[in-house]
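Take a look at the structure set out below.
The values are calculated or read from the model by the stated rules, or taken from the named source; none is laboratory data. In this text the structure is predicted, and so the values were computed from the model without any measurement. No Cβ is skipped: glycine too gets one built from the backbone with ideal geometry, and neighbour counts run over all protein chains shown. For accessibility, only protein heavy atoms count, side chains too; no ligands or nucleic acids. Shrake-Rupley method; radii C 1.70, N 1.55, O 1.52, S 1.80 Å.
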Amino acid sequence: MSSVTYTDILYDLSDGVATITINREEVRNAFRLETLDELRDAVLRAENDSQVGVMVITGAGDKAFCSGGDINMESKSNRQEARRLGQRTMALSLAIRTSGKPIIAKVRGWCVGGGNELNLICDLTVAGQSAKFGQAGAKMGSVPIWWGTQLLPRLVGDKRAKEIVFLCEPHAAHEAQAMGWVNLVVPDEELDEAVRKWCTRLLSLSPQALRVAKHQLNMEADRQWPSIPVGYEFISFIHATDEFHEGTSAFLEKRPAEFGPYR
């Protein structure tokens, strides 16, 4: 395939594995609109390349897989910007969920907010011991409607999902594994090799069988798709409120948010 130059991500194809890396280490691999567009393009590129059998999505450096939406973008958000963000995230998740190739999330460091939702959308998760998982929506005046509220209950159960979404506390990798949130946890220095082994195993299996199995296994959860665009309509209203901007301002100013006046 022709060479593609990206700004926010890196794309590498080696031995049948397409590795897609969010390359925004300076903001803990938070995504902006351009990042989401490039991730979607890379996933579709790998899906349509017969040389690719497996995809790996990861983050640059060792501090974060992805910390969700870039707070500098979200702090300026309004109804229209929220809809643009929703369009991009929905397009990315549709590309990942409808790809017939297995997609592994390789996680080091923080995997929170929209970053955790990206992790949830991937088929498998292999994490280093440094990984920390969680949702942060309620701390910011927002809600993880991009597959967080849909997939977390299926993986960890209703009570645990509500604990994760309501309390916004980070969970260590071994805790996440015990809940069924991630598949495998290994020492950080063994993470690359562990992912390589799983890729090698997947590449040895029938691609058409894996494709059919992925679509079949996703079918029940994918019936919740209508809740995503509806959720983003709610989010577009939330992003126009003073309460939401109090949450983003407090984060940027490194102070507790004052949500009391909005009760």
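Do we have any residue at all in the range 69-78 that's among the polar types (S, T, N, Q) and at pLDDT 95 or above?
Checked the range 69-78: no residue is among the polar types (S, T, N, Q) and at pLDDT 95 or above.
Could you list all residues from the range 60-76 that are open to solvent by 10 Å² or more (accessible area, probe 1.4 Å) and closer than 21 Å to Gln135 by Cβ?
Lys63, Ser67, Gly69, Asp70, Ile71, Asn72, Met73, Glu74, Ser75
Which condition does Asn116 not pass, out of (1) touching a residue at least 12 places away in the same chain (Cβ under 8 Å); (2) within 25 Å of Asn23 (Cα to Cα); (3) open to solvent by 10 Å² or more (accessible area, probe 1.4 Å); (4) part of a helix (DSSP H, G or I), if it passes all the others?
(3)
Before we move on, is Glu253 at pLDDT below 95 and among the charged types (D, E, K, R)?
Considered against the rule, which asks whether it is at pLDDT below 95 and among the charged types (D, E, K, R), Glu253 comes out as yes.
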